[in-house]
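The values are calculated or read from the model by the stated rules, or taken from the named source; none is laboratory data. Just so it is clear, the structure is predicted and the values come from calculations on it, not from any experiment. Note that we place each Cβ from the backbone using ideal geometry, even for glycine, and neighbour counts take in every protein chain shown. Calculation scope for accessible area: heavy atoms of the full protein, side chains included, ligands and nucleic acids excluded. Shrake-Rupley method; radii C 1.70, N 1.55, O 1.52, S 1.80 Å.
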Amino acid sequence: MKERIEELLQEIEQLTAQKMQDIEEYRIKLLGKKGSVTKLFEDFREILPEQKREFGQKLNALKQAAAAKLEELKEKLEENPEQGAAKFDYTKPGDRFDLGTRHPISVTREEIISIFSKFGYAVAEGPEIEDDWHVFGALNFPPEHPARDMQDTFFISQGDGENPILLRTHTSSVQVRSMEKMPLPIRIICPGRVFRNEAISARAHCIFHQVEGLYIDKNVSFADLKQAILLFAKEMFGEDSKIRLRPSYFPFTEPSAEVDVSCNICKGKGCNICKGTGWLEIMGCGMVDPNVLEASGIDSKEYSGFAFGMGVERIAMLKWQVKDLRHYFENDVRFLREFETVV
Ligand code: DAH
(Lines give C-alpha, C1' and ligand atoms only; values in the text may rest on other atoms or scores of the structure.)
Protein backbone atom coordinates (compact mmCIF):
# COMPACT_ATOMS: atom_id res chain seq x y z
CA MET A 1 0.00 0.00 0.00
CA LYS A 2 2.86 2.27 0.81
CA GLU A 3 4.21 1.99 -2.73
CA ARG A 4 0.82 2.51 -4.24
CA ILE A 5 0.43 5.73 -2.26
CA GLU A 6 3.88 6.93 -3.37
CA GLU A 7 3.03 6.07 -6.95
CA LEU A 8 -0.22 7.96 -6.91
CA LEU A 9 1.42 10.97 -5.25
CA GLN A 10 3.90 11.14 -8.10
CA GLU A 11 1.20 10.73 -10.71
CA ILE A 12 -0.81 13.54 -9.14
CA GLU A 13 2.24 15.76 -9.06
CA GLN A 14 2.66 15.44 -12.82
CA LEU A 15 -0.93 16.04 -13.86
CA THR A 16 -1.56 18.73 -16.47
CA ALA A 17 -4.85 19.92 -17.97
CA GLN A 18 -5.77 21.67 -21.17
CA LYS A 19 -9.45 21.94 -20.52
CA MET A 20 -11.90 21.72 -17.66
CA GLN A 21 -13.00 18.34 -18.87
CA ASP A 22 -9.52 16.93 -18.18
CA ILE A 23 -9.78 18.02 -14.55
CA GLU A 24 -13.18 16.40 -14.17
CA GLU A 25 -11.78 13.18 -15.61
CA TYR A 26 -8.90 13.23 -13.10
CA ARG A 27 -11.35 13.81 -10.28
CA ILE A 28 -13.39 10.77 -11.29
CA LYS A 29 -10.28 8.65 -11.76
CA LEU A 30 -8.84 9.58 -8.37
CA LEU A 31 -11.66 10.53 -6.04
CA GLY A 32 -14.74 9.14 -7.76
CA LYS A 33 -16.62 6.09 -6.46
CA LYS A 34 -14.29 3.74 -8.24
CA GLY A 35 -11.33 6.11 -8.16
CA SER A 36 -7.87 4.90 -7.21
CA VAL A 37 -7.70 6.97 -3.99
CA THR A 38 -11.20 5.84 -2.99
CA LYS A 39 -10.12 2.28 -3.59
CA LEU A 40 -7.16 2.69 -1.22
CA PHE A 41 -9.55 3.86 1.48
CA GLU A 42 -11.49 0.61 0.98
CA ASP A 43 -8.28 -1.43 1.26
CA PHE A 44 -7.47 0.49 4.44
CA ARG A 45 -10.21 -1.43 6.27
CA GLU A 46 -8.24 -4.65 5.93
CA ILE A 47 -5.04 -3.24 7.33
CA LEU A 48 -3.52 -4.37 10.64
CA PRO A 49 -4.66 -2.14 13.52
CA GLU A 50 -1.07 -1.16 14.49
CA GLN A 51 -0.48 0.16 10.94
CA LYS A 52 -3.73 2.10 10.77
CA ARG A 53 -2.34 5.25 12.24
CA GLU A 54 0.59 5.55 9.86
CA PHE A 55 -1.39 4.68 6.74
CA GLY A 56 -4.36 6.74 7.80
CA GLN A 57 -2.20 9.84 7.84
CA LYS A 58 -0.60 8.97 4.53
CA LEU A 59 -3.96 8.30 2.90
CA ASN A 60 -5.42 11.55 4.12
CA ALA A 61 -2.39 13.39 2.84
CA LEU A 62 -2.84 11.69 -0.52
CA LYS A 63 -6.49 12.68 -0.72
CA GLN A 64 -5.62 16.25 0.16
CA ALA A 65 -2.81 16.34 -2.37
CA ALA A 66 -5.21 15.15 -5.09
CA ALA A 67 -7.85 17.72 -4.17
CA ALA A 68 -5.23 20.50 -3.98
CA LYS A 69 -3.77 19.56 -7.35
CA LEU A 70 -7.19 19.56 -9.00
CA GLU A 71 -7.91 22.96 -7.51
CA GLU A 72 -4.56 24.28 -8.73
CA LEU A 73 -5.17 23.04 -12.28
CA LYS A 74 -8.60 24.64 -12.24
CA GLU A 75 -7.20 28.00 -11.18
CA LYS A 76 -4.54 27.93 -13.86
CA LEU A 77 -7.09 27.14 -16.53
CA GLU A 78 -9.33 29.96 -15.40
CA GLU A 79 -6.45 32.42 -15.44
CA ASN A 80 -5.35 31.46 -18.92
CA PRO A 81 -8.07 29.51 -20.66
CA GLU A 82 -6.20 29.35 -24.00
CA GLN A 83 -3.05 27.59 -22.94
CA GLY A 84 -4.38 26.03 -19.82
CA ALA A 85 -1.81 24.38 -17.68
CA ALA A 86 -0.48 22.53 -20.69
CA LYS A 87 3.20 22.77 -21.35
CA PHE A 88 3.84 24.24 -24.75
CA ASP A 89 5.27 21.67 -27.13
CA TYR A 90 7.99 23.39 -29.11
CA THR A 91 8.62 20.32 -31.22
CA LYS A 92 5.14 20.39 -32.79
CA PRO A 93 5.01 21.55 -36.42
CA GLY A 94 3.66 25.10 -36.76
CA ASP A 95 0.21 25.96 -38.06
CA ARG A 96 0.25 26.15 -41.84
CA PHE A 97 -0.68 29.52 -43.31
CA ASP A 98 -2.28 29.33 -46.74
CA LEU A 99 -0.30 31.52 -49.09
CA GLY A 100 -2.19 33.43 -51.74
CA THR A 101 -1.40 32.79 -55.38
CA ARG A 102 -0.99 35.23 -58.22
CA HIS A 103 -4.01 35.60 -60.43
CA PRO A 104 -3.71 33.79 -63.80
CA ILE A 105 -4.45 37.07 -65.61
CA SER A 106 -1.55 38.79 -63.80
CA VAL A 107 0.70 35.83 -64.55
CA THR A 108 -0.19 35.95 -68.25
CA ARG A 109 0.07 39.73 -68.47
CA GLU A 110 3.52 39.61 -66.89
CA GLU A 111 4.64 36.81 -69.16
CA ILE A 112 3.61 38.83 -72.24
CA ILE A 113 5.44 41.89 -70.89
CA SER A 114 8.55 39.88 -70.09
CA ILE A 115 8.66 38.34 -73.58
CA PHE A 116 8.39 41.71 -75.30
CA SER A 117 10.85 43.39 -72.98
CA LYS A 118 13.42 40.83 -74.11
CA PHE A 119 12.78 42.11 -77.64
CA GLY A 120 13.41 45.69 -76.49
CA TYR A 121 9.84 46.91 -75.98
CA ALA A 122 9.21 49.42 -73.17
CA VAL A 123 5.95 49.46 -71.19
CA ALA A 124 3.69 52.47 -71.71
CA GLU A 125 0.50 53.25 -69.86
CA GLY A 126 -2.41 55.56 -70.38
CA PRO A 127 -5.67 56.57 -68.70
CA GLU A 128 -8.68 54.24 -68.52
CA ILE A 129 -11.00 57.25 -68.65
CA GLU A 130 -10.29 58.63 -72.09
CA ASP A 131 -11.70 60.96 -74.68
CA ASP A 132 -13.19 60.14 -78.06
CA TRP A 133 -10.16 61.52 -79.90
CA HIS A 134 -7.63 59.12 -78.35
CA VAL A 135 -9.88 56.05 -78.52
CA PHE A 136 -11.43 56.66 -81.95
CA GLY A 137 -10.71 59.94 -83.75
CA ALA A 138 -6.92 59.77 -83.91
CA LEU A 139 -7.16 56.08 -84.81
CA ASN A 140 -8.95 56.82 -88.05
CA PHE A 141 -12.43 55.72 -86.95
CA PRO A 142 -14.95 57.49 -89.19
CA PRO A 143 -17.53 59.56 -87.25
CA GLU A 144 -20.30 57.03 -87.85
CA HIS A 145 -18.23 53.93 -87.09
CA PRO A 146 -20.30 51.37 -85.13
CA ALA A 147 -17.58 50.97 -82.47
CA ARG A 148 -18.48 54.45 -81.23
CA ASP A 149 -22.02 53.29 -80.72
CA MET A 150 -23.61 53.45 -77.28
CA GLN A 151 -23.89 49.66 -77.38
CA ASP A 152 -20.13 49.21 -77.23
CA THR A 153 -18.81 52.21 -75.41
CA PHE A 154 -19.46 53.37 -71.87
CA PHE A 155 -19.81 57.12 -72.26
CA ILE A 156 -19.17 59.19 -69.17
CA SER A 157 -19.96 62.72 -70.26
CA GLN A 158 -20.32 64.89 -73.31
CA GLY A 159 -16.99 66.64 -72.66
CA ASP A 160 -16.88 69.78 -74.77
CA GLY A 161 -19.48 68.30 -77.12
CA GLU A 162 -16.93 67.50 -79.82
CA ASN A 163 -14.90 65.12 -77.75
CA PRO A 164 -16.97 62.98 -75.33
CA ILE A 165 -15.37 61.41 -72.27
CA LEU A 166 -15.60 57.63 -72.14
CA LEU A 167 -14.03 54.43 -70.81
CA ARG A 168 -11.45 53.20 -73.30
CA THR A 169 -12.69 50.24 -75.34
CA HIS A 170 -9.16 49.19 -76.34
CA THR A 171 -5.56 49.94 -75.40
CA SER A 172 -4.89 51.35 -78.89
CA SER A 173 -5.55 54.74 -77.25
CA VAL A 174 -2.16 54.41 -75.54
CA GLN A 175 -0.53 54.19 -79.01
CA VAL A 176 -1.90 57.63 -79.73
CA ARG A 177 -0.78 59.12 -76.41
CA SER A 178 2.70 57.63 -76.87
CA MET A 179 3.04 58.89 -80.46
CA GLU A 180 2.05 62.37 -79.26
CA LYS A 181 4.72 62.58 -76.61
CA MET A 182 7.53 60.09 -77.23
CA PRO A 183 10.59 60.73 -79.36
CA LEU A 184 11.01 58.43 -82.38
CA PRO A 185 11.70 55.58 -82.84
CA ILE A 186 8.97 54.12 -80.61
CA ARG A 187 8.90 50.52 -79.49
CA ILE A 188 6.32 49.95 -76.77
CA ILE A 189 3.74 47.60 -75.37
CA CYS A 190 0.73 48.95 -73.54
CA PRO A 191 -0.94 46.58 -71.07
CA GLY A 192 -4.20 47.69 -69.50
CA ARG A 193 -7.85 47.28 -68.66
CA VAL A 194 -10.50 48.01 -71.25
CA PHE A 195 -14.27 48.36 -71.00
CA ARG A 196 -17.10 47.43 -73.32
CA ASN A 197 -20.81 47.55 -72.86
CA GLU A 198 -21.36 43.84 -73.42
CA ALA A 199 -23.57 41.27 -71.74
CA ILE A 200 -21.43 39.01 -69.55
CA SER A 201 -21.13 35.46 -70.90
CA ALA A 202 -18.59 32.63 -71.18
CA ARG A 203 -16.94 34.50 -74.05
CA ALA A 204 -17.46 38.18 -73.25
CA HIS A 205 -17.11 40.49 -70.27
CA CYS A 206 -17.59 44.21 -69.80
CA ILE A 207 -14.08 44.55 -68.33
CA PHE A 208 -11.07 42.75 -69.70
CA HIS A 209 -7.35 43.20 -70.35
CA GLN A 210 -5.40 43.88 -73.49
CA VAL A 211 -1.79 44.29 -74.44
CA GLU A 212 -1.12 46.60 -77.34
CA GLY A 213 2.17 46.73 -79.24
CA LEU A 214 3.57 49.52 -81.39
CA TYR A 215 6.81 49.89 -83.29
CA ILE A 216 7.54 53.00 -85.34
CA ASP A 217 10.82 53.65 -87.07
CA LYS A 218 12.23 54.25 -90.52
CA ASN A 219 11.68 51.33 -92.93
CA VAL A 220 9.55 49.14 -90.68
CA SER A 221 7.98 46.47 -92.85
CA PHE A 222 5.26 43.85 -92.69
CA ALA A 223 7.99 41.20 -92.54
CA ASP A 224 9.23 42.77 -89.28
CA LEU A 225 5.71 42.52 -87.88
CA LYS A 226 5.43 38.88 -88.83
CA GLN A 227 8.78 38.08 -87.29
CA ALA A 228 7.96 39.85 -84.00
CA ILE A 229 4.69 37.94 -83.68
CA LEU A 230 6.25 34.60 -84.59
CA LEU A 231 8.92 35.08 -81.92
CA PHE A 232 6.26 35.99 -79.40
CA ALA A 233 4.14 32.92 -80.27
CA LYS A 234 7.13 30.61 -79.86
CA GLU A 235 7.97 32.08 -76.45
CA MET A 236 4.38 32.01 -75.26
CA PHE A 237 3.08 28.74 -76.69
CA GLY A 238 6.22 26.69 -77.31
CA GLU A 239 9.19 26.55 -79.66
CA ASP A 240 7.42 24.55 -82.38
CA SER A 241 4.47 26.99 -82.63
CA LYS A 242 3.58 28.30 -86.06
CA ILE A 243 1.55 31.35 -86.98
CA ARG A 244 -0.69 32.26 -89.87
CA LEU A 245 -2.05 35.66 -90.84
CA ARG A 246 -5.50 36.19 -92.28
CA PRO A 247 -6.45 39.47 -93.97
CA SER A 248 -8.71 41.59 -91.81
CA TYR A 249 -9.81 45.18 -91.28
CA PHE A 250 -9.08 47.73 -88.56
CA PRO A 251 -9.48 51.46 -89.17
CA PHE A 252 -6.02 52.19 -87.72
CA THR A 253 -3.96 49.70 -89.73
CA GLU A 254 -3.50 49.09 -93.43
CA PRO A 255 -3.04 46.32 -94.34
CA SER A 256 -4.57 44.57 -91.33
CA ALA A 257 -4.49 40.94 -90.32
CA GLU A 258 -5.75 38.56 -87.73
CA VAL A 259 -3.14 36.19 -86.28
CA ASP A 260 -3.69 32.51 -85.55
CA VAL A 261 -1.25 30.31 -83.67
CA SER A 262 -1.07 26.56 -84.25
CA CYS A 263 -3.11 24.79 -81.58
CA ASN A 264 -0.78 23.87 -78.72
CA ILE A 265 -3.14 21.14 -77.51
CA CYS A 266 -3.38 18.96 -80.62
CA LYS A 267 -0.26 20.36 -82.33
CA GLY A 268 -2.32 21.39 -85.35
CA LYS A 269 -4.14 18.09 -85.85
CA GLY A 270 -7.53 19.46 -84.85
CA CYS A 271 -9.27 19.11 -81.46
CA ASN A 272 -12.26 20.55 -79.64
CA ILE A 273 -10.25 23.54 -78.35
CA CYS A 274 -9.36 24.67 -81.89
CA LYS A 275 -12.70 23.38 -83.16
CA GLY A 276 -10.97 20.97 -85.49
CA THR A 277 -9.09 23.67 -87.40
CA GLY A 278 -5.66 23.26 -85.81
CA TRP A 279 -5.47 27.07 -85.34
CA LEU A 280 -6.34 29.50 -82.53
CA GLU A 281 -6.89 33.21 -83.04
CA ILE A 282 -4.65 35.26 -80.74
CA MET A 283 -4.52 38.86 -81.92
CA GLY A 284 -5.13 41.58 -84.49
CA CYS A 285 -2.32 43.47 -86.16
CA GLY A 286 -1.28 45.53 -89.13
CA MET A 287 0.86 48.35 -90.50
CA VAL A 288 -0.03 51.64 -88.84
CA ASP A 289 -2.25 53.60 -91.24
CA PRO A 290 -0.47 56.76 -92.47
CA ASN A 291 -3.54 58.75 -91.33
CA VAL A 292 -2.89 57.58 -87.77
CA LEU A 293 0.77 58.64 -87.90
CA GLU A 294 -0.16 62.05 -89.32
CA ALA A 295 -2.94 62.57 -86.72
CA SER A 296 -0.26 62.36 -84.02
CA GLY A 297 2.19 64.59 -85.89
CA ILE A 298 4.49 61.90 -87.33
CA ASP A 299 5.68 62.26 -90.91
CA SER A 300 4.30 59.18 -92.67
CA LYS A 301 6.67 59.68 -95.62
CA GLU A 302 9.66 59.20 -93.38
CA TYR A 303 8.31 56.77 -90.80
CA SER A 304 6.29 53.60 -90.88
CA GLY A 305 5.27 51.18 -88.15
CA PHE A 306 3.33 48.17 -87.11
CA ALA A 307 0.86 47.58 -84.32
CA PHE A 308 -0.80 44.61 -82.73
CA GLY A 309 -3.28 44.04 -79.96
CA MET A 310 -4.26 40.98 -77.98
CA GLY A 311 -6.65 40.06 -75.18
CA VAL A 312 -4.91 38.79 -72.05
CA GLU A 313 -7.93 36.67 -71.03
CA ARG A 314 -7.93 35.08 -74.47
CA ILE A 315 -4.23 34.18 -74.26
CA ALA A 316 -4.70 32.84 -70.73
CA MET A 317 -7.72 30.79 -71.81
CA LEU A 318 -5.74 29.23 -74.64
CA LYS A 319 -2.73 28.57 -72.49
CA TRP A 320 -4.67 26.80 -69.73
CA GLN A 321 -7.76 25.69 -71.66
CA VAL A 322 -10.16 27.66 -69.52
CA LYS A 323 -13.48 27.52 -71.29
CA ASP A 324 -15.42 30.18 -69.39
CA LEU A 325 -14.12 33.73 -69.14
CA ARG A 326 -16.18 34.38 -66.03
CA HIS A 327 -13.86 32.19 -63.94
CA TYR A 328 -11.26 34.93 -64.15
CA PHE A 329 -13.51 37.44 -62.43
CA GLU A 330 -15.28 35.38 -59.80
CA ASN A 331 -12.20 34.75 -57.66
CA ASP A 332 -13.32 31.31 -56.59
CA VAL A 333 -10.29 30.00 -54.67
CA ARG A 334 -10.84 26.49 -56.03
CA PHE A 335 -10.16 27.88 -59.50
CA LEU A 336 -7.31 30.15 -58.43
CA ARG A 337 -5.55 27.35 -56.51
CA GLU A 338 -5.17 25.43 -59.75
CA PHE A 339 -2.55 27.98 -60.74
CA GLU A 340 -0.47 27.52 -57.58
CA THR A 341 2.20 25.57 -59.41
CA VAL A 342 2.27 28.00 -62.32
CA VAL A 343 3.14 30.98 -60.15
N1 DAH B 1 -7.74 47.46 -80.85
C2 DAH B 1 -8.16 46.19 -81.38
C3 DAH B 1 -9.31 45.65 -80.56
O4 DAH B 1 -9.56 46.13 -79.50
C5 DAH B 1 -7.02 45.20 -81.35
C6 DAH B 1 -5.97 45.57 -82.34
C7 DAH B 1 -6.03 45.10 -83.63
C8 DAH B 1 -4.96 46.40 -81.96
C9 DAH B 1 -5.08 45.42 -84.54
C10 DAH B 1 -3.97 46.74 -82.90
C11 DAH B 1 -4.04 46.23 -84.19
O12 DAH B 1 -2.94 47.53 -82.60
O13 DAH B 1 -3.09 46.57 -85.08
O14 DAH B 1 -9.96 44.74 -80.99
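For Lys267, the lysines whose Cα falls under 18 Å of its own Cα, not counting residues fewer than eight places away in the same chain, are Lys234, Lys242, Lys275, Lys319. The eigenvalues of the Cα gyration tensor, multiplied by 5 and square-rooted, give the stretch 114-264 an equivalent ellipsoid with semi-axes of 28, 19, 15 Å from largest to smallest. The heavy atoms of Trp133 offer some 100 square angstrom of accessible surface to a 1.4 angstrom probe. Computed with the Debye formula from one identical point scatterer per Cα of the stretch 2-87, without solvent, the log10 of I(q)/I(0) at q = 0.19, 0.26 Å⁻¹ comes to -0.81, -1.25. Got a sec? Charge dipole of the chain, +1 on Cβ for Lys and Arg, -1 for Asp and Glu; which of Gly192, Thr277, Leu15 is way out at the positive end? Of the options given, the answer is Leu15.
Using the Karplus relation 6.51 cos²θ - 1.76 cosθ + 1.60 with θ = phi - 60°, the per-residue 3J(HN,Hα) values for the stretch 136-148 come to 10, x, 5, 9, 6, 7, x, x, 9, 4, x, 4, 7 Hz, with x marking Gly and Pro.
Sorting 121-131, 164-174 by their mean Cβ neighbour count within 10 Å, with the most densely packed peptide first, gives 164-174, 121-131. Taking all protein chains as present, what is the carbon and sulfur share of the accessible area of the stretch 25-144, in % to the nearest whole number, probe 1.4 Å? That fraction is 52 percent.
Shown for the chain are the DSSP H helices of 20 Å or more along their axis, judged by Cα atoms, with a mean Kyte-Doolittle hydropathy of at least -1.0: 104-118, 222-237. Taking every protein chain into account, the accessible area of the chain amounts to 57 square angstrom per residue (probe 1.4 Å).
When the dipole is taken about the Cα centre of the stretch 1-141, and only Lys, Arg (+1) and Asp, Glu (-1) are charged at their Cβ, what size is it in debye, to the nearest 20?
Roughly 1220 debye for the stretch 1-141.
Using Cα springs under 10 Å in a Gaussian network model of the chain, which residue among Arg196, Arg102, Arg27 shows the largest mean-square fluctuation? Residue with maximal mean-square fluctuation among Arg196, Arg102, Arg27: Arg27.
Estimated translational diffusion coefficient (Stokes-Einstein, Kirkwood radius over Cα pairs, 4 °C, 1.567 mPa s) of the chain: 50 µm² per second.
Among the GluC sites (Glu not before Pro) found in the stretch 146-215, those both in a DSSP coil and sparsely packed, with 12 or fewer other Cβ atoms within 10 Å of their Cβ, are Glu162. Mean separation of Cα pairs under 8 Å and 6 or more residues apart, divided by the residue count, gives the chain a relative contact order of 15 percent.
Phi angles of the stretch 91-98 translate, via the Karplus equation with coefficients 6.51, -1.76, 1.60 and θ = phi - 60°, into HN-Hα couplings of 8, 5, x, x, 5, 7, 8, 6 Hz per residue; Gly and Pro are given as x. Residue ranges 292-304, 256-268 sort as 256-268, 292-304 when ordered by packing (mean number of other C-beta atoms within 10 Å per residue, highest first).
Label zone of Glu54 (point 7 Å out along Cα→Cβ, amide N under 17 Å): in the stretch 1-20 this covers 1-7. Normalised size of the stretch 193-343, defined as Cα radius of gyration per 2.2 N^0.38 Å with N residues, equals 1.17. Amide H contacts under 5 Å for Val123: Ile189, restricted to partners 5 or more places along the chain or on a different chain, H placed in the peptide plane at 1.01 Å from N. Explain nothing, just the number: relative contact order of the stretch 2-87, from Cα pairs under 8 Å at least 6 residues apart, as a whole percent. About 44 percent, as a whole number.
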